[in-house]
Amino acid sequence: MGMGQGVGLGMGTNMGVDMGLGMGMGMGLGMGMGLGMWAARSEKIFECPQMYHVSTSLSLFLGGGITSCPEWQSVMVQMLKDINLTILNPRRANFDVNNRNIELEQITWEFKHLAKADSIMFWFPCETLCPIVLFELGKWIATDKKLFIGCHPDYKRKSDVRIQVGLVRGKRQKIHESLEDVANEIKKWASNI
């Protein structure tokens, strides 16, 4: 899949979504939505509202767009499946937008698990501005927590992310333009710990 080609996510239909993966393969990547594809690694994947208790393995929070954007989290999980890493995924299989209590539960889960994680990945897809993710990034760039950051090439606030992160973290913080590049940085980090 070259950048700009589609990724079939299998969310009931086979939708084509440009995720800027830059994988250089000419075929689609079929993925089912939800935990079914993660069953073999369920002890390593914690999806909201499951509670994660800090363990000895490295942990990674998947921060990034959830509302009005592709389900990129399963793509990232697939790319990281062969490394020893516990993944904290805020995207839940079922989110009842009519249940006001679920909003508090979601935000609280994310707040607690961002703090628990050894590292945080931030992905900014092009379909939405991700205002909450920008807020979370602003909080965590001012800490020593290990961050992995990526912006789709067409993300409208990409320049803002680069400038803000650069002002706080300087050149030591890479900002990638594809999920694959973010995954490769995560793999390199995890293999050196």
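Each Lys or Arg adds one and each Asp or Glu takes one away; over the other residues whose Cβ falls under 13 Å from the Cβ of R91, this sums to -2. Per the Cα gyration tensor, region 30-188 maps to an equivalent ellipsoid with semi-axes of 23, 18, 16 Å, ordered largest to smallest.
We did not get these values from a lab; they are worked out from the coordinates using the rules stated. None of these values were measured; they are calculated from a predicted model. A quick note on method: Cβ atoms are made from the backbone with ideal geometry, for glycine too, and the neighbour counts reach across all protein chains shown.
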